[in-house]
1. Residues of the range 596-659: accessible area per residue at 1.4 Å, in Å²?
2. As an exercise, identify the trypsin sites (Lys or Arg not before Pro) in the range 556-600 lying in DSSP coil whose Cβ has no more than 10 other Cβ atoms within 10 Å.
3. Please get the size of the charge dipole for the range 58-214, origin at its Cα centre, with Cβ charges of +1 on Lys and Arg and -1 on Asp and Glu, quoted in debye to the nearest 20.
4. Where the only charges are on Cβ atoms (+1 Lys, Arg; -1 Asp, Glu), what is the dipole of the range 177-250 about its Cα centre, to the nearest 20 debye?
5. Could you grab the Rg to Rh ratio for the range 418-463? Cα atoms only, Kirkwood for Rh.
6. Probe of 1.4 angstrom, ligands and nucleic acids ignored: what's the accessible area per residue over the range 191-266, in square angstrom?
7. At a 1.4 Å probe radius, carbon and sulfur cover how many percent of the accessible area of the range 229-271?
8. Under unit Cβ charges (Lys, Arg +1; Asp, Glu -1), what dipole magnitude, rounded to 20 debye, does the range 516-609 have relative to its Cα centre?
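The values are calculated or read from the model by the stated rules, or taken from the named source; none is laboratory data. As the structure is a computational prediction, the values presented were derived from the model and not from experiment. Quick reminder, even Gly has a Cβ in these numbers, built from the backbone with ideal geometry, and neighbours come from all protein chains shown. When the accessible area is computed, the model is the full protein with side chains, heavy atoms only, and any ligands, DNA or RNA have been set aside. Shrake-Rupley method; radii C 1.70, N 1.55, O 1.52, S 1.80 Å.
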Amino acid sequence: MNLLGDIRLSFRTLIKNPGFTAVAVTMLALGIGVNATVFTVTNAVLFKGFPLVAGNDRLAYISDANSNCCVSYADFEDYRAQAKSFEGMAIVHGLSIILNDGNGFPENIDANENSADTFKLVGQKPILGRDFTPADEAPGAPPVAILNYGFWERRYGKDPSIIGRAVRMNGAPTTIIGVMPQGFSFPQKVEVWVPLVKTAEVQKREKRDTWFAFGPLSEGATFETALAEIETIGKRLATAYPLTNKDYRPRVGHFHEFFIGPNAIMIYGSMWGAVGFVLLIACANLANLLLARAMGRSREISVRIALGAGRWRIIRQLLVESLMLSALGGLFGWWIAKWGVHTYQLAMASKSSWLILDYTMDHRVLAYLIAISIGTGILFGLAPALRLSKLDVNSALKDGGRGSTGGGRGKHLSALLVTGEMALAVVLLAGAGVMIRSFLKIHTADMGVKADNVLIAALNLPSAKYPLPETRISFYDRLRTRLEAIPGVESIAMADALPSWGSKLPFELAGAPVDDLRRPTLPVLTISPAYFRTLGATLLSGREFNDADRVSGVPVALVNQLFANKYWRGEDPLGKRLRLFKGTMPEAWLTVVGVVSNIMQADVTRQKFSPVVYLPYRQKPGVGMWVFARTRVPPASLGAALRHEVQAVDSELPMFGPFAMSPHLEIFWDSRFYGSMFLIFAAIALLLASIGLYAVIAHAVSQRTQEIGVRMAVGAKARDILKLVFVQGMIPLGIGLAIGLAASLAVNRVLKSMLVQVSPSDPITLMVASAVLILSATLGCLIPARRAMRVDPVIALRHE
């Protein structure tokens with residue numbers, strides 16, 4: 001019989017056993033589907049990079065080794081002039097732009113400032129209009145902009161006459177000169193690109209504000225050689241400019257290191273390993289099912305051997321069956337993967353909407369899908385095929401072949417496979433458990449605020465329209481007055497950051513020893529009066545800020561209780577002095593006028609409170625502020641009124657929000673997201689492992705029907721039969737549980753960097769994972785055990 005005949009025979013065999021075929025294909029589809037999903041995502045993150053960008057794998061990103069950000073323009077020019085490892089180099093800077101074009105309400109849009117050759121280096125050019133030129137970077141050049149295709153479609157209906165039209169961006173007349181291709185948005189999701197104008201302010205070496213440089217590596221260069229070259233240039237700059245570059249250490253990284261994070265390989269490698277465990281469990285299940293079917297097929301195979309079929313012919317035909325099953329599983333797995341990737345993409349969009357990746361299933365994903373489909377077919381089909389090919393023909397043909405498959409070794413192999421399934425399942429359960437526990441620690445952490453019934457919105461004043469502190473103060477004062485008059489509003493406050501967010505600045509205390517090299521940092525927040533009352537915090541001593549705290553007055557500050565206890569324990573903090581530093585430059589001395597309760601700041605993981613300094617916005621008014629409105633009614637009901645009052649103060653000013661504060665503080669953090677992913681994988685693994693145990697025990701009970709009948713005939717009770725069945729199921733469970741717990745202690749250490757206040761060997765998680773597995777295994781044994789207890793001894797003694 002040739003291969004085509006084997007395929008026809010295998011097809012008929014699978015058709016005759018629709019129940020087995022459906023179960024097998026479902027298990028394989030789940031295992032292959034989640035594997036293809038994770039590989040597609042990993043492919044997008046680690047290999048493909050940005051859509052429509054040429055040579056993603058050769059693009060190197062330059063940033064600060066300490067913070068993954070940033071590069072000053074002056075340093076960038078030195079890198080570009082001196083580095084030989086790059087074909088070219090460009091620099092980009094993210095910013096927010098207020099667009100007012102007479103086409104609806106003013107809109108706050110995300111934008112990038114680019115050096116002129118940015119698009120050229122990534123292999124793209126506008127589909128309409130022209131690219132930036134060096135002349136656009138010159139100070140005093142007419143402002144121009146290039147639109148993102150999606151923004152052009154949404155805002156202007158793909159009107160080609162937009163080229164050459166003038167709009168107002170941050171108050172300045174700006175000409176639209178181009179539109180980029182559909183799907184292109186480098187290096188992040190933006191609506192507009194504008195040229196980076198080389199003003200005197202931009203060219204200050206100490207100005208490092210969300211900038212990064214990048215460039216394609218030259219022929220023969222590697223990331224290692226590029227890093228060595230940039231580090232050498234960085235050391236020369238540190239010597240030449242010690243005030244700004246002494247502690248600056250440049251780094252060169254791949255796409256995934258810069259945009260996803262240094263743990264990208266670990267995170268996605270862990271996910272890949274997890275779904276690999278799921279696929280192994282599915283293969284072990286299929287191998288067990290095929291071993292169980294071997295008893296029923298022993299006579300069929302023996303007849304074929306007796307008629308002259310060789311061992312290789314038998315193995316080939318059985319492997320063809322397995323490969324047909326895995327091909328069907330791969331086909332349905334591809335559909336599961338498409339759905340899974342789409343779901344993952346939506347979830348990531350809510351987590352990091354600024355980054356656009358290419359999640360399409362390309363040739364690399366197709367090759368992987370085909371490879372694992374073929375590999376799983378061979379993996380789960382080989383052992384049963386080898387076992388059936390070594391049948392004792394005489395024994396198999398006698399009385400239907402009872403016991404001819406060498407039952408003892410088959411039972412041991414089945415038990416070994418179930419033990420492996422249990423071990424893999426407990427590893428996945430423990431990994432998912434520590435990540436979910438980590439998220440719960442963050443979610444339930446005390447932030448020191450009462451977020452219920454608080455409405456928030458963000459404002460960003462254009463510097464061109466509000467260039468002076470006095471103009472900003474006037475705007476905020478007028479807005480506060482109007483917002484406080486809204487019916488249903490209890491109090492209004494402003495701050496330049498939300499709780500748990502914010503930046504840190506160096507500081508020193510008056511009279512304390514000074515170490516210029518190791519000056520401590522702490523969160524600094526600029527706030528308005530009534531901030532603590534609005535957020536439900538408490539003034540512990542002294543006074544809050546008031547309208548007398550102005551730019552021309554005595555510089556004052558508030559500190560939180562933790563600051564007072566840490567630096568002035570046993571002393572009265574009122575009247576104490578401290579000063580902040582902007583870079584290496586000291587600011588004015590501040591006098592402490594009050595102490596307030598602790599609010600979480602500058603720690604999005606909410607691990608612990610930090611010392612915090614508060615400044616009055618009247619003494620240091622910024623262009624960007626958050627508005628907080630505590631309400632006596634549901635916050636969402638006042639959204640329209642708040643927006644109306646902002647427009648009444650400045651009709652051209654857009655606003656981010658408003659929305660209720662409580663859900664906005666819910667952090668879609670890695671522990672929650674990846675913990676949920678691991679939990680899904682663990683649930684699939686647990687389901688497959690339980691099914692596998694059930695199948696093995698059920699088959700064992702059917703094979704031991706006569707033995708059970710004899711035991712019951714000589715006086716065995718129902719509890720004895722129950723014990724007999726459970727012992728057979730619990731032995732592989734116990735061994736698998738012990739192996740899995742030991743393995744989880746090692747595997748969870750890989751996840752350590754993603755955990756917050758949870759140990760990789762957290763005993764509660766390990767106990768819960770063990771309990772869940774034991775419960776599932778118990779249910780898997782219970783149904784066959786109940787069936788065994790109902791065996792009629794008379795019927796059983798006649799059982800073949």
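1. Values: 2290 Å² over 64 residues.
Here the per-residue accessible area is 36 Å².
2. Values: sites: 566, 569, 576, 577, 579, 582; in loops: 569, 576.
Those that pass, being in a loop and sparsely packed, are 569.
3. On the way: 17 positive and 19 negative charges, 53 e Å.
Magnitude of the dipole: close to 260 debye.
4. On the way: 10 positive and 9 negative charges, 65 e Å.
Rounded to the nearest 20 debye, it is 320 debye.
5. Ratio of gyration radius to Kirkwood radius for the range 418-463: 1.40.
6. Working: 3760 Å² over 76 residues.
Per residue, the range 191-266 has 49 Å² of solvent-accessible surface.
7. Values: 1220 of 2150 Å².
It is 57 percent, rounded to a whole number.
8. Details: 13 positive and 8 negative charges, 57 e Å.
My answer is approximately 280 debye.
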